[in-house]
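Encoded as structure tokens, the structure appears first; notes follow it.
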Amino acid sequence: MFDIVIIGAGPAGGSAALFAAKAGKKTLIIENDKSVTKRAWMENHYGVMEISGPDLVEIGKKQASKFGAEIVEATVTNVVKTENGFKIETDKEQFEAKHVILATGFAVDLAETVGLKTKPGTEPRVKTVLDVDAAGRTNIDGIWAAGTVAGVSVHTIITAGDGAKVAINVISDINGERYVDHDVLK
């Protein structure tokens with residue numbers, strides 16, 4: 001069983017996976033390779049002069065993998081609440097997790113299938129988002145959302161930050177105390 005399964009490997013999902021794996025949580029990213037970031041060119045991502053969306057996504061996945069996150073390519077078809085957490089069903093196999101973070105960008109179909117509450121989006125071309133609290137919690141305990149699907153700006157720097165924020169909140173929930181991750185120069 002995974003501590004955290006993250007659905008989506010764009011900036012929000014990749015960032016969430018990086019923080020979760022680095023915190024020692026058994027982490028899985030499930031991605032379907034349809035991130036809108038894969039079509040982007042960025043010159044406004046702090047700390048990076050310029051980068052293509054595909055490169056940003058690949059670097060994020062490599063960072064998460066470095067700390068032990070597992071990555072599978074599949075399409076999630078359902079998330080079912082179980083006695084011990086969740087069963088995540090894909091078009092290929094099933095996984096179990098204690099917590100789930102949805103980082104599905106513009107896509108809310110899965111969220112609606114699962115029974116998560118939605119609301120109108122405020123970003124251009126984003127019609128519907130999940131109704132989450134400030135921590136990223138949805139109406140189903142243990143399912144969280146980050147990034148564009150959670151109603152934050154579509155800019156990669158913002159969705160990445162939101163993914164990190166939500167992961168830190170999930171890690172804090174698991175640990176029972178506030179989690180902080182700071183590295184220092186050696």
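The values are calculated or read from the model by the stated rules, or taken from the named source; none is laboratory data. Since this is a predicted model, take the numbers as computed values, not measurements. All Cβ positions, even for glycine, are placed from backbone atoms using ideal geometry, and neighbour counts span all protein chains on display.
Values for this structure:
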| quantity | calculated |
| --- | --- |
| Test: residue in segment 20-32 that is under 13 Å from ALA107 (Cβ atoms) and not hydrophobic (A, V, I, L, M, F, W, C) | yes |
| Given (1) at positive phi; (2) crowded, with 23+ Cβ neighbours inside 10 Å, index of the condition VAL132 fails | (1) |
| Options LYS22, LYS66, LYS34, LYS26; residue that is surrounded by fewer than 16 Cβ atoms within 10 Å (Cβ to Cβ) and at pLDDT 95 or above | LYS66 |
| Output for segment 155-186, where each listed residue is surrounded by 19 or more Cβ atoms within 10 Å (Cβ to Cβ) and either part of a loop (DSSP other than H, G, I, E, B) or among the basic types (Lys, Arg) (or both) | LYS165 |
| Cross-chain or 6+ apart pairs with Cβ under 7 Å, segment 135-148 first and assigned to a helix (DSSP H, G or I), then hydroxyl-bearing (Ser, Thr, Tyr) | GLY147/THR159; THR148/THR159 |
